[in-house]
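S.K.: Attaching a single structure in structure tokens format; questions to follow.
The values are calculated or read from the model by the stated rules, or taken from the named source; none is laboratory data. Predicted, not measured: the structure shown is a model, and the values here were computed from it. Note that each Cβ is placed from the backbone with ideal geometry, even for glycine, and that neighbours are counted across all protein chains shown. What goes into the accessible areas is simple: the full protein's heavy atoms, side chains included, and nothing from ligands, DNA or RNA. Shrake-Rupley method; radii C 1.70, N 1.55, O 1.52, S 1.80 Å.
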Amino acid sequence: MTAEAPQKRLYIKTYGCQMNVYDSERMADVLRPLGYGLTDVAEGADLVVLNTCHIREKATEKVYSELGQIKRLKAEKAAAGGAMLVAVAGCVAQAEGAEIVRRQPAVDLVVGPQSYHRLPELIARAHRASGEALAADFAPEAKFDALSTDRAPTGVTAFLTVQEGCDKFCAFCVVPYTRGAEYSRPAGAIEAEARALAAKGVREVTLLGQNVNAYDDGEGGGLAALVRRLAAIPGLDRIRYTTSHPRDMDEALIAAHGEIEALMPYLHLPVQAGSDRVLKAMNRGHTAEHYLRLVERIRATRPDLALSGDFIVGFPGERDADFEATLDLAREARYASAFSFKYSRRPGTPAAAAPGQVPEEVKAERLARLQALLDEQQQAFNQSQVGRVLPVLFEKNGRRPGQIGGRSPYLQAVHCQGEDQLIGQIATVRIVSAARGSLAGERILAIA
């Protein structure tokens, strides 16, 4: 009997957004047939992939710092008679591919976000010492066509990319340059992947896209039509989507929130600022009033909707009055949760060279004030759930013995006492207490 070849070790480090989490999962999928299995540590790995993000501050510097450590591990493995391949993937790879190879010779492969399905080919070429190292430019439809729908989900929830790219060109954002133009996957391919996930026990999918509500299947079917199609899949009980743009929130999608039971009452709708002057400078294409009236219409359709958002403080030219307008918008919109950041320059974006760069200490003070307000709103929303009976999808064991944890329809973490066999089930839970980051349930009343 022939001995089975030892499994090669694959280490993937993921930076940034949920899109990158999804992409890392798919990289593991396409490499599995080559005998690569995931490992939690870079030491001793046969293939190291850094799946990078270009959005956060100092993202590129973090990648080069990490590559310095990886170079040392690669040399140690070589000294022991082994070999380690190093790949840089994602948005930094797309933006700075040739520069990465020049600055860090330990890198064998640079793979943009549209090309990771070519990793098996590129790895084979690298093993044959072929000269090809860059694969940053590739059509997104080819990427999606090359991927199998036979994924290996790691739990009862999963991300599902339906759209990539952005045509909005916000002045602070690199996505249009690193992810390219908006592209929507065919609805049939998305449904096939969702059905395969449901067949493997996934009960909740989060539809992903840089502008997910700009989804258009090319036949007049937008995101609302796609959600209706996926909601008909047996076993798929919950659907979410992120990230949305106010300009793409059409009436059909608003109506879907009131009509589709599987569509969770949670909406991440970034606004970025509350000042029309700043929104115009950001090239957001909407006003504060448009955003607030849009939220008003959505809540009229789904009154219990939990609203989430994104804010940037200290954008070039932001004055005290502009920041106060942001606070006013946040108070009126009433967020259940929100993400907020200080503006940081992204090379190559219009805002990076704009006049009126706000001093760091001013940005820090404004961010602290905004986050205090948003934290207060999140705590108030969580406290409003105390006494309610909510359906909770249990996903994993809790931190304490006999405890299990899951998510409410509003994406809140919920924990209570329960048996392991409830993991993967949706059960109704009475909420007895609330903290900033989670809810506690008293007992399970029923199983759906």
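S.K.: Look through the range 386-404, keep the residues that are open to solvent by 10 Å² or more (accessible area, probe 1.4 Å) and either among the aliphatic types (A, V, I, L, M) or within 24 Å of Thr206 (Cα to Cα) (or both), and return whichever of them is modelled with the lowest pLDDT. Give the steps one after another, and end with the answer.
M.R.: Of the range 386-404, the ones open to solvent by 10 Å² or more (accessible area, probe 1.4 Å) are 386-389, 391, 395-403.
Within this subset, residues satisfying the condition of being either among the aliphatic types (A, V, I, L, M) or within 24 Å of Thr206 (Cα to Cα) (or both) are 386, 389, 391, 395-398.
Numbers: Val386: 97, Val389: 95, Pro391: 96, Glu395: 95, Lys396: 91, Asn397: 88, Gly398: 85.
Residue satisfying both the conditions and the ranking: Gly398.
S.K.: Something else about it: Considering the range 114-166 alone, what residues qualify as being open to solvent by less than 10 Å² (accessible area, probe 1.4 Å), under 18 Å from Val92 (Cα atoms) and at pLDDT 85 or above?
M.R.: Glu164, Gly165
S.K.: Look at Ala330 and say whether it is in a helix (DSSP H, G or I), touching a Leu at 6+ places or on another chain (Cβ under 6 Å), touching a residue at least 40 places away in the same chain (Cβ under 8 Å) and surrounded by 14 or more Cβ atoms within 10 Å (Cβ to Cβ). Steps first, please.
M.R.: Values: in a helix (DSSP H, G or I): yes; touching a Leu at 6+ places or on another chain (Cβ under 6 Å): yes; touching a residue at least 40 places away in the same chain (Cβ under 8 Å): yes; surrounded by 14 or more Cβ atoms within 10 Å (Cβ to Cβ): yes.
The answer is yes for Ala330.
S.K.: For the range 60-90, name all the residues that are under 24 Å from Tyr177 (Cα atoms) and open to solvent by 10 Å² or more (accessible area, probe 1.4 Å).
M.R.: Thr60, Glu61, Lys62, Tyr64, Ser65, Glu66
S.K.: Something else about it: Out of (1) buried (at least 23 other Cβ atoms within 10 Å of the Cβ); (2) within 25 Å of Tyr410 (Cβ to Cβ), what's the single condition that is false for Thr243?
M.R.: (1)
S.K.: Here are some conditions: (1) aliphatic (A, V, I, L, M); (2) within 24 Å of Pro347 (Cβ to Cβ); (3) in contact (Cβ under 8 Å) with a residue 60 or more places away in the chain. Ile70 meets all but one. Which one does it not meet?
M.R.: (3) is the only condition that Ile70 fails.
S.K.: Listed residues Gly274, Gly348, Gly317; which is at positive phi and at pLDDT 95 or above?
M.R.: Of Gly274, Gly348, Gly317, the one residue that is at positive phi and at pLDDT 95 or above is Gly317.
S.K.: Oh, and also: Filter the range 409-424 down to the residues that are modelled with pLDDT under 95 and of a type in the set (S, T, N, Q), then identify the one that is surrounded by the most Cβ atoms within 10 Å (Cβ to Cβ).
M.R.: Per the criteria, the residue is Gln417.
S.K.: Gln383 fails exactly one of the following numbered conditions: (1) open to solvent by 50 Å² or more (accessible area, probe 1.4 Å); (2) more than 17 Å from Tyr410 (Cβ to Cβ); (3) among the polar types (S, T, N, Q). What is the number of that condition?
M.R.: Going through (1) open to solvent by 50 Å² or more (accessible area, probe 1.4 Å); (2) more than 17 Å from Tyr410 (Cβ to Cβ); (3) among the polar types (S, T, N, Q) one by one, Gln383 breaks only (2).
S.K.: Still on this model: Is it fair to say Ala93 is closer than 14 Å to Tyr116 by Cβ, crowded, with 19+ Cβ neighbours inside 10 Å and touching a Gly at 6+ places or on another chain (Cβ under 6 Å)?
M.R.: Judged against the criteria, Ala93 is a match.
S.K.: Give the residues of the range 156-175 that are part of a loop (DSSP other than H, G, I, E, B) and in contact (Cβ under 8 Å) with a residue 60 or more places away in the chain, sorted by residue number.
M.R.: Across the range 156-175, the qualifying residues are Val156, Val162, Lys168, Phe169, Cys170, Ala171, Phe172, Cys173, Val174.
S.K.: Out of the residues in the range 176-225 meeting the condition of being acidic (Asp, Glu) and either open to solvent by 40 Å² or more (accessible area, probe 1.4 Å) or in a helix (DSSP H, G or I) (or both), tell me which one is modelled with the lowest pLDDT.
M.R.: Among them, the one singled out is Glu219.
S.K.: Output the number of the condition that Arg346 fails; it satisfies all remaining conditions of (1) more than 23 Å from the chain's Cα centre (by Cα); (2) part of a loop (DSSP other than H, G, I, E, B); (3) of a type in the set (D, E, K, R); (4) buried (at least 18 other Cβ atoms within 10 Å of the Cβ).
M.R.: (1)
S.K.: Right, something else. Quick one: which residue in Asp375, Asp310, Asp320 is acidic (Asp, Glu) and open to solvent by 60 Å² or more (accessible area, probe 1.4 Å)?
M.R.: The unique qualifying residue is Asp320.
S.K.: On the basis of being open to solvent by less than 70 Å² (accessible area, probe 1.4 Å), assigned to a loop (DSSP other than H, G, I, E, B) and farther than 14 Å from Ser244 by Cβ, does Arg284 make the cut?
M.R.: Details: open to solvent by less than 70 Å² (accessible area, probe 1.4 Å): yes; assigned to a loop (DSSP other than H, G, I, E, B): yes; farther than 14 Å from Ser244 by Cβ: no.
Spelling it out, it is not the case that Arg284 is open to solvent by less than 70 Å² (accessible area, probe 1.4 Å), assigned to a loop (DSSP other than H, G, I, E, B) and farther than 14 Å from Ser244 by Cβ.
Yes or no, residue by residue, for (1) farther than 20 Å from Leu305 by Cα; (2) touching a Ser or Thr at 6+ places or on another chain (Cβ under 7 Å); (3) not in a strand (DSSP E or B):
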| position | (1), (2), (3) |
| --- | --- |
| Leu393 | no, no, no |
| Gly405 | yes, no, no |
| Pro409 | no, no, yes |
| Thr428 | no, no, no |
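S.K.: Then there's this: Since Arg400 meets every condition but one in (1) of a type in the set (D, E, K, R); (2) free of Cβ contacts under 8 Å to residues at least 40 places away in the same chain; (3) part of a helix (DSSP H, G or I), which condition does it not meet?
M.R.: So Arg400 meets the others, but not (3).
S.K.: Then there is this: If I ask for residues that are open to solvent by less than 30 Å² (accessible area, probe 1.4 Å), of a type in the set (A, V, I, L, M, F, W, C) and part of a strand (DSSP E or B), which ones from the range 25-54 would you list?
M.R.: Within the range 25-54, Leu47, Val48, Val49, Leu50 qualify.
S.K.: Residues in the range 77-106 that are closer than 23 Å to Cys17 by Cα and of a type in the set (A, V, I, L, M, F, W, C): how many?
M.R.: Residues that pass the stated criteria total 9.
S.K.: Here's a follow-up. Determine if the range 351-366 includes at least one residue that is closer than 28 Å to Leu263 by Cα and not hydrophobic (A, V, I, L, M, F, W, C).
M.R.: No, the range 351-366 contains no residue that is closer than 28 Å to Leu263 by Cα and not hydrophobic (A, V, I, L, M, F, W, C).
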